[in-house]
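Remarks on the structure that follows.
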Amino acid sequence: MSTVEAPLYPIAVLIDELKNDDIQLRLDSIRRLSTIARALGEERTRSELIPFLSENNDDDDEVLLAMAEELGVFIPYVGGVEHAHVLLTPLETLCTVEETCVRDKAVESLCKIGSQMRENDLIEWFTPLVKRLAAGEWFTARVSACGLFHIAYPSAPETLKTELRSIYGQLCQDDMPMVRRSAASNLWKFAGTVESAHLKADIMQMFEDLTQDDQDTVRLLAVEGCAALGKLLEPQDCAARILPVIVTFSQDKSWRVRYMVANQLYELCEAVGPEPIRTDLLPAYVRLLRDNEAEVRIAAAGKVTKFCQILSPELAIQHILPCVKELSLDSSQHVRAALASVVMGMAPVLGKDATIEQLLPIFLSLLKDEFPDVRLNIISKLDQVNQVIGIDLLSQSLLPAIVELAEDRHWRVRLAIIEYIPLLANQLGVGFFDDKLGGLCMQWLQDKVYSIRDAAANNLKRLAEEFGPDWAMQHIIPQVLEIANDSHYLHRMTLLRAISLLGPVLGSEITRSKLLPVVVNASKDRVPNIKFNVAKVLQSLISVVDQSVVEKTIRPCLVELSEDPDVDVRYFAVQGLQSIDQVTMSS
């Protein structure tokens with residue numbers, strides 16, 4: 001191929017590939033657009049590649065999505081921000097396609113490009129694009145237009161700003177619910193760029209129109225942005241214009257709208273003062289906690305601690321706590337699980353006395369719930385209660401329930417308890433721990449679920465770190481080593497796992513005198529799985545014991561295992577021997 005024809009090659013190949021029947025080939029060529037643009041150079045990219053992409057009428061959404069994504073980062077390939085406007089044409093076409101994800105990606109890319117364009121170019125190229133889309137005959141164009149106003153508006157002259165506000169107002173009253181939904185979900189972005197005077201007049205009028213829409217999907221999207229909108233207003237304006245809407249929506253006939261209010265209510269509290277919270281938002285929140293739809297109660301229950309944090313303890317005890325008691329006995333297990341995940345956080349808010357009198361019975365009730373997720377959520381947050389009521393009361397009231405859960409029929413609950421044990425050990429102290437929980441830790445090593453046995457081995461390591469090698473020698477090691485004689489090979493494998501974890505914590509001397517002989521003895525086990533795990537444990541202990549012990553005890557054992565009939569045993573034994581050789585060479 002001659003040097004004159006060389007630059008033509010990439011665009012020719014691209015055209016051929018984009019017309020190919022194979023979708024993967026078309027997709028790959030789109031993903032290589034930046035490479036092709038670099039080969040063509042900036043001028044030919046502007047004059048040939050971009051017009052070709054604008055005319056490309058591929059009907060596969062995956063290809064169009066990839067193109068929309070690529071064009072969003074294409075400014076450097078067309079010659080910088082002064083030529084960024086050439087990218088608007090293909091993206092404008094993509095904003096009108098039927099597939100939502102393609103339109104969304106095209107809008108996202110237009111916003112990226114628009115945020116980098118110069119002010120004059122925005123007025124000359126970007127704003128007319130927004131107006132064309134907003135006036136589009138097909139609803140998809142108008143849906144896309146709503147997401148672009150916040151880019152076009154700030155740089156527009158005053159007359160154009162007035163026109164843009166008017167156009168957005170028309171989109172809020174569009175015949176198509178999809179357009180009104182898009183206008184509702186993008187209103188808070190547009191509001192963030194509008195001047196304060198017009199915010200109170202024009203934007204709030206649009207907001208009120210959307211909140212009175214007959215479609216619940218439009219109303220709930222209006223609610224979704226109301227917290228962000230409220231933060232743009234002065235507290236008194238927020239209380240006057242947004243608060244009544246939210247209070248009304250907390251009683252909306254659509255449960256989806258009430259669900260959205262339950263999610264947004266806490267954020268709105270930050271925008272209004274304390275008085276409206278007490279008089280308006282608190283009664284609305286109590287209504288949501290007692291809603292007849294479980295989904296609404298789930299959303300409201302998940303915010304109960306956050307809501308209590310902005311109330312005085314007296315108000316929380318008087319209004320929220322009765323609802324919490326009701327929710328702890330809710331007929332929906334998902335409501336109880338949502339409550340259990342946050343209710344512990346109420347303890348620091350309410351203080352010691354209220355926690356002991358009011359919350360503790362609720363915790364105990366949830367700890368004994370029939371649904372495992374409820375019990376799990378309570379267990380994972382116990383430390384928040386301990387900080388408030390102290391370990392003595394915690395151990396008296398909650399420890400019996402914890403011991404009961406340690407033998408729960410659901411293995412995930414047992415796993416959560418195991419993971420909480422080191423924290424509990426730290427809080428209870430060594431004496432109390434030995435009396436109440438020591439036996440459980442050994443019991444878990446022989447659980448029928450592997451994840452529990454593995455977690456139990458890790459638990460022993462963390463306890464040894466917490467209480468020290470002397471405590472471990474007295475309370476852990478004798479009982480752990482007894483498992484070496486267990487008839488079940490899986491329990492013997494758990495022993496090996498525990499030794500590999502405890503060795504580094506207990507140090508060289510204890511490992512050499514107590515742990516290593518058990519491992520070497522296990523190398524004569526009849527089960528191959530035990531033997532190759534012996535090889536892996538010996539390899540892990542090389543760095544723990546002295547070099548003389550490695551040569552005298554570990555190497556001979558690995559040499560013997562390297563001649564085993566089982567291929568896996570030989571493999572791991574050879575790996576161990578190689579590790580010894582590497583350590584020897586480096587030292």
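Stretching the chain fully between ASP16 and ASP104 yields a gain of 28.9 nm (0.36 nm per residue, less the alpha carbon separation). Remark: the stretch 521-586 projects, on average over all directions, an area of 3.9 nm² (convex hull of Cα atoms). Projecting label points 7 angstrom from Cα along Cα→Cβ for SER508 and LYS253 puts them 8.2 nm apart. Calculated translational diffusion coefficient of the chain (20 °C, 1.002 mPa s; Stokes-Einstein with Kirkwood radius over alpha-carbon pairs) equals 71 µm²/s.
Helix-only mean residue ellipticity at 222 nm, the chain, DSSP H runs n ≥ 4 weighted -39,500 (n - 2.57), per residue, nearest 500. What is it?
Per the formula, -18500 deg cm²/dmol.
Over the stretch 478-567, what number does the Rg to Rh ratio reach, with both radii from the alpha-carbon atoms and Rh per Kirkwood? Expressed as Rg/Rh, it is 0.94. Here the convex hull built on the C-alpha positions of the stretch 171-283 has a volume of 83 cubic angstrom per residue.
Site pair GLU55 and SER166 shows an inter-label distance of 3.8 nm when each label is modelled 7 Å from Cα along Cα→Cβ.
Applying 1/(1 + (r/R0)^6) with R0 = 56 Å to the Cβ-Cβ distance of ALA240 and GLU326 gives a FRET efficiency near 0.95.
As a length-normalised measure over Cα pairs under 8 Å and 6 or more apart, the relative contact order of the chain settles at 5 percent. The residues of the chain expose on average 45 square angstrom of accessible surface per residue, using a 1.4 Å probe on protein heavy atoms. On the protein heavy atoms, probe 1.4 angstrom, tell me the percent of accessible surface of the stretch 521-586 carried by carbon and sulfur. Carbon-and-sulfur percentage of accessible area, whole number: 51. The distance between label points at GLN205 and LYS448 comes to 7.2 nm (points 7 Å beyond Cα on the Cα→Cβ vector). PRE reach from VAL567 (point 7 Å along Cα→Cβ): which of the stretch 505-549 fall under 18 Å by backbone N? What the label zone holds, given the 18 Å backbone N cut-off, is 528-533. Given their separation in residues at 0.36 nm each and the Cα-Cα distance between them, HIS198 and LEU315 gain 38.4 nm when the chain is fully extended. Put one equal scatterer on each alpha carbon of the stretch 119-164, apply the Debye formula with no solvent term, and list log10 I(q)/I(0) at q = 0.31, 0.32 1/Å to two decimals. Evaluating at q = 0.31, 0.32 Å⁻¹ gives log10 I(q)/I(0) of -1.13, -1.17. Charged neighbours of LEU460, selected by a Cβ distance under 12 Å, balance to +1 (K, R count +1; D, E count -1). Between GLU42 and GLU158, the FRET efficiency estimated from the beta carbon spacing at R0 = 51 angstrom works out to 0.90.
Phi-derived couplings, Karplus 6.51 cos²θ - 1.76 cosθ + 1.60 at θ = phi - 60°, listed residue by residue for the stretch 498-510: 4, 5, 5, 7, 6, x, x, 6, 7, x, 4, 5, 5 Hz, with x used for Gly and Pro. Computed from backbone phi, the HN-Hα couplings of the stretch 35-40 come to 5, 5, 4, 5, 5, 6 Hz, rounded to whole numbers (Karplus: 6.51 cos²θ - 1.76 cosθ + 1.60, θ = phi - 60°; Gly and Pro given as x). At q = 0.11, 0.13, 0.18, 0.21 Å⁻¹ the log10 of I(q)/I(0) for the stretch 431-518 amounts to -0.26, -0.37, -0.72, -0.99, computed by Debye summation with a single uniform scatterer per C-alpha, solvent ignored. Suppose R0 equals 25 Å; then what is the FRET efficiency for ARG409 and HIS488 from their Cβ-Cβ distance, rounded to the nearest 0.05? That gives a FRET efficiency of 0.75.
Centre-to-centre, using Cα atoms only, the stretch 173-213 and the stretch 488-561 are separated by 70 Å. Taking Lys and Arg as +1 and Asp and Glu as -1, the other residues whose beta-carbon sits under 12 Å from that of ARG412 total 0.
The values are calculated or read from the model by the stated rules, or taken from the named source; none is laboratory data. As the structure is a computational prediction, the values presented were derived from the model and not from experiment. Counting neighbours? That spans all protein chains shown, and the Cβs are built from the backbone with ideal geometry, glycine included. Heads up: the accessible areas ignore ligands, DNA and RNA and are worked out on the full protein's heavy atoms, side chains in. Shrake-Rupley method; radii C 1.70, N 1.55, O 1.52, S 1.80 Å.
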